[in-house]
Amino acid sequence: MPTSPSINTGLPDVRQIGLRIRSTRRRKNLTQVHVATRAGIDKAHLSRIERGEKSASLGTLHMLAVALDTSLSLLLGETNPKDDIRVTRADGHQPGTNPKTLAPHGQYTTIPVGGLDSHLSMMMVQVSKQGLQETAVHGGEEVIFVLEGSVRVQFDKYGVVLARYDSVSFPGYLSHSLCAEGTKIARVLIAIAGDTL
């Protein structure tokens, strides 16, 4: 969960808009050329918008929303973040066996992670009640899997409490922070897939 402090000024954040556009495009398996052509803009212009180097006019954002078959409110971050957050409780993970490597002495559990891109980084994190002090915003998709204890993942005004073996996956452009619930230190496994720039 790379830390990138974000200050809420009430105005749409150019970098977050770019991350939402890139994440939506990749989730739909669309190339920059395809989206730029449909939106009637240059590919290089779209690339700069996705990287947060250039702000897009409302008209351009509307055309990008049409090209991506999504809503302008999603690109502006005005939709309910719950729509992008997928929680899987411990009893919802699907156990299975791998006869070639584990049977008859072991089994594995698949952790659903949503629409992940090719780049992947993973980290084990110990979290206290004070939590990770900064709010993170990044590209790609993030998965948080609780190994021990209980944690709260806060998305602006919406929070999700996860117990042991629960997981949550979400696009990294959602502003988020993490802290332990209760007095014990929690341990989580965090995986981030896709371009985080």
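Shape verdict for segment 27-75, please, from the Cα gyration tensor: rounded (a/c under 1.5), prolate (a/b greater than b/c) or oblate.
Working: a/c = 1.38, a/b = 1.05, b/c = 1.32.
Rounded, because the longest to shortest axis ratio a/c is under 1.5.
Ranking TYR173, PHE145, GLN126 by Cα position along the charge dipole of segment 124-195, where only Lys, Arg, Asp and Glu carry charges on their C-beta atoms, puts GLN126 farthest toward the positive end. For segment 124-197, the share of accessible area belonging to carbon and sulfur comes to 52 percent (1.4 Å probe, ligands and nucleic acids excluded). Separation of segment 56-77 from segment 124-197 is 28 Å, based on Cα centroids.
The values are calculated or read from the model by the stated rules, or taken from the named source; none is laboratory data. These numbers come from a predicted model, not from an experiment. Ideal geometry is used to build each Cβ from the backbone, glycine not excepted, and the neighbour counts take in all protein chains shown. Areas reflect the complete protein model, heavy atoms only, side chains present, ligands, DNA and RNA absent. Shrake-Rupley method; radii C 1.70, N 1.55, O 1.52, S 1.80 Å.
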